[in-house]
Amino acid sequence: MARGAQPYQEPLTNRRAVLLAPGPLPLSSPAPHPPSPSLSCGESEAEACVFFSLPAFCPNRAGGEEGGGGEGGGGTDRTGRDERERERERRRKKYPEPVPRSANMAENDKLENQRLKNFKNKGRDLESMRRQRNEVVVELRKNKRVEHLFKRRNVPQEDVCEDSDLDSDIRVNASSDNQGLQLSAVQAARKLLSSDRNPPIDDLINSGILPILVRCLERDDNPSLQFEAAWALTNIASGTSEQTQAVVKSNAVPLFLRLLHSPHQNVCEQAVWALGNIIGDGPQCRDYVINLGVVKPLLSFISPSIPITFLRNVTWVMVNLCRHKDPPPPMETIQEILPALCVLIHHVDVNILVDTVWALSYLTDAGNEQIQMVIDSGIVPHLVPLLSHQEVKVQTAALRAVGNIVTGTDEQTQVVLNCEALSHFPGLLSHPKEKINKEAVWFLSNITAGNQQQVQAVIDANLVPMIIHLLDKGDFGTQKEAAWAISNLTISGRKDQVAYLIQQKVVPPFCNLLTVKDSQVVQVVLDGLSNILKMADDEAETIANLIEECGGLEKIEQLQHHENEDIYKLAYEIIDQYFSTDDIDEDPTLVPEAIQGGTFGFNSSTNVPAEGFQF
């Protein structure tokens, strides 16, 4: 995201937090402020460095008591205050508590509140911080690769029949006792259905040819007729759900299963293709075909002697068997399929490899029980290295599969980390394809939702600076995932781990997202900032300074106008707790002293701990 020019900011000595008592709010969010560039160490943030000296970061630092003056870092026996801290307290003002919102406005926010009710520091446990991907099917439907469509039409390279007018003789001739005439009629129907442009599927179904084609599947004496009929039915089943159901209701499925045992390989392969289209229609058709016994004969085709095109079709059907998680495939089916996937993941053909990994991604998307079955199969150590595969489509599938695994328990997540998964992420986070960046940060957001050792693993792998870079410069989808990753770390991490975030200058890009229109992102950022301020204890003033210097305070003030109740309340709470205090007596050390030349200076005797302040 391009950064705008630095906007004009009031001098800090004249700045006050504007704390609004929330009342009736506007129906739309305020216009966003232009983002502020990150502070360089030579600018105003350098002042913060004087009084906010973070401890030297130790990658293997243990949890528990923090160093530097007792519990909480700075300790309670501080004898002096920093000049800027005193000045800041002098100019702050206490504002009234928020007044209740009107019932109408609360009602307007009800749907949004329901959508955001599971945010991290709203009573969530660590498991609920991990997030599944729910748009897999939608993304795949948008994917132009034919290998990942639920259904496939068998369109040959040869010329197909271009005449879309159905010959009424096709249905009659397909029922003829003359084998040559019958074969020609079925072949003509198949060619019509193989047209690239608007195949007349409904017209053929309405002509009454479906039962005739199904009967042709029984003709063991005429494998050419079986093949052409299976091909025609395959293309009918590649259509809409209603068209697929028409094939199912014509009792074609038991005959397709029977053809899996045909001595003619082309007939077997066409039957596999037809079954794949039927299984891909949805969980009901999938389970119907499974219950009729498709799995064992299908897996029997996985052998070195099978032609590569046939094996690609078999693997694609296995993907469809693993699709859909509402409900997921039967446990017995998963147990049967996993050993075959463990074999196919070593295949040299990229198409077979991609389908194999997508099958694993669907299985791991169905819940912790299925995740554990995949782990128990022993395939994870072979899956993780594919994150650095030279083919982007393999990387994409592998990233989704391992990403689904780390949505599980801490123990399941650790299995992936034990396979050195994080070593692949510098390349993924710097990948030229933005979609890879987004998926990689999503993966890491589920690691930072884990235990403190897993958070430390992300830090030790030097991935936090890369996450912050994408938080600042990535496209919005990637920024959103990065915001989750940072906010999760503020929940799961120790004080020294959160201090490391500040050390890496997370505050400016984090605050820049407070002006986006996505309410979920805004609340994730507010949650993260609130968590950082709470964890800072005595150093909350320092963090507040950083937030104000990068324009974050102004953005938080504007969020008191936000139409979402949770957001405006959280914005109010942050300002009330960290940017607004009761007026205190003027500190004599801050009274300007007259010096030569008619100018004024400040007393420099304020006591600042030599070692600086620490969390």
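Yes or no: segment 365-374 includes at least one residue that is among the charged types (D, E, K, R) and surrounded by fewer than 24 Cβ atoms within 10 Å (Cβ to Cβ). Yes, segment 365-374 contains at least one residue that is among the charged types (D, E, K, R) and surrounded by fewer than 24 Cβ atoms within 10 Å (Cβ to Cβ). When residue 254 is tested against (1) closer than 22 Å to residue 330 by Cβ; (2) crowded, with 23+ Cβ neighbours inside 10 Å; (3) not aliphatic (A, V, I, L, M), only condition (2) is not met. Kindly evaluate residue 302 against the criterion of being in a helix (DSSP H, G or I) and either of a type outside the set (Phe, Trp, Tyr) or closer than 17 Å to residue 246 by Cα (or both). So residue 302 does not fit the description; no.
So, residue 443, is that one at pLDDT 95 or above, buried (at least 20 other Cβ atoms within 10 Å of the Cβ) and under 22 Å from residue 518 (Cα atoms) or not? Against the criterion (at pLDDT 95 or above, buried (at least 20 other Cβ atoms within 10 Å of the Cβ) and under 22 Å from residue 518 (Cα atoms)), residue 443 qualifies.
Listed residues 470, 463; which is out of contact with any Lys or Arg (no Cβ under 9 Å at 6 or more places or on another chain) and either within 17 Å of residue 524 (Cβ to Cβ) or buried (at least 21 other Cβ atoms within 10 Å of the Cβ) (or both)?
Going through 470, 463 in turn, just one is out of contact with any Lys or Arg (no Cβ under 9 Å at 6 or more places or on another chain) and either within 17 Å of residue 524 (Cβ to Cβ) or buried (at least 21 other Cβ atoms within 10 Å of the Cβ) (or both): 463.
If the condition is being surrounded by 21 or more Cβ atoms within 10 Å (Cβ to Cβ) and closer than 17 Å to residue 222 by Cα, then segment 184-195 contributes 185, 186, 190.
Listed by position, the helices (runs of 4 or more DSSP H) inside segment 410-511 whose residues that are in contact with a helix residue (DSSP H, G or I) (Cβ under 9 Å, 6 or more places away or on another chain) and within 21 Å of residue 533 (Cα to Cα) number at least 1 are 434-447, 452-460, 464-473, 476-492, 495-503.
Cβ-Cβ contacts under 7 Å between residues 6 or more apart (or on different chains), taken from a first residue in segment 397-417 that is closer than 15 Å to residue 378 by Cα to a second residue that is of a type in the set (Ser, Thr, Tyr) and crowded, with 24+ Cβ neighbours inside 10 Å, are listed as 401/361; 401/364; 405/364. Taking the listed residues 517, 480, the one that is at pLDDT 95 or above, of a type in the set (D, E, K, R) and under 28 Å from residue 446 (Cβ atoms) is 480, with no other qualifying.
Of the residues making up segment 350-372, none is without any contact (Cβ under 8 Å) to a residue 40 or more places away in the chain and among the aliphatic types (A, V, I, L, M). Can you find a residue that is in contact (Cβ under 8 Å) with a residue 60 or more places away in the chain, of a type outside the set (Ser, Thr, Tyr) and touching a Ser or Thr at 6+ places or on another chain (Cβ under 8 Å) anywhere in segment 339-347? Checked against the condition, which is being in contact (Cβ under 8 Å) with a residue 60 or more places away in the chain, of a type outside the set (Ser, Thr, Tyr) and touching a Ser or Thr at 6+ places or on another chain (Cβ under 8 Å), segment 339-347 yields no hits at all.
Residue 277 falls short on exactly one of the conditions (1) surrounded by fewer than 17 Cβ atoms within 10 Å (Cβ to Cβ); (2) assigned to a helix (DSSP H, G or I), and that condition is (1). Taking the stated definitions as given, is residue 259 farther than 16 Å from residue 227 by Cβ and either out of contact with any Ser or Thr (no Cβ under 6 Å at 6 or more places or on another chain) or not β-branched (Val, Ile, Thr) (or both)? Spelling it out, it is not the case that residue 259 is farther than 16 Å from residue 227 by Cβ and either out of contact with any Ser or Thr (no Cβ under 6 Å at 6 or more places or on another chain) or not β-branched (Val, Ile, Thr) (or both).
May I ask you to verify whether residue 164 is small (Gly, Ala, Ser), at pLDDT 65 or above and either assigned to a loop (DSSP other than H, G, I, E, B) or farther than 14 Å from residue 230 by Cα (or both)? Before the answer, list the steps.
Numbers: small (Gly, Ala, Ser): yes; at pLDDT 65 or above: no; either assigned to a loop (DSSP other than H, G, I, E, B) or farther than 14 Å from residue 230 by Cα (or both): yes.
Criteria not met by residue 164.
Among the residues in segment 388-395, are any buried (at least 16 other Cβ atoms within 10 Å of the Cβ), touching an Asp or Glu at 6+ places or on another chain (Cβ under 9 Å) and not in a helix (DSSP H, G or I)? Within segment 388-395 (the criterion being buried (at least 16 other Cβ atoms within 10 Å of the Cβ), touching an Asp or Glu at 6+ places or on another chain (Cβ under 9 Å) and not in a helix (DSSP H, G or I)), the answer is no, since none of the residues qualifies.
The values are calculated or read from the model by the stated rules, or taken from the named source; none is laboratory data. The model shown is predicted, which means the values in this text are computed figures rather than measured ones. Glycine also receives a Cβ, built like all others from the backbone with ideal geometry; neighbour counts cover every protein chain displayed.
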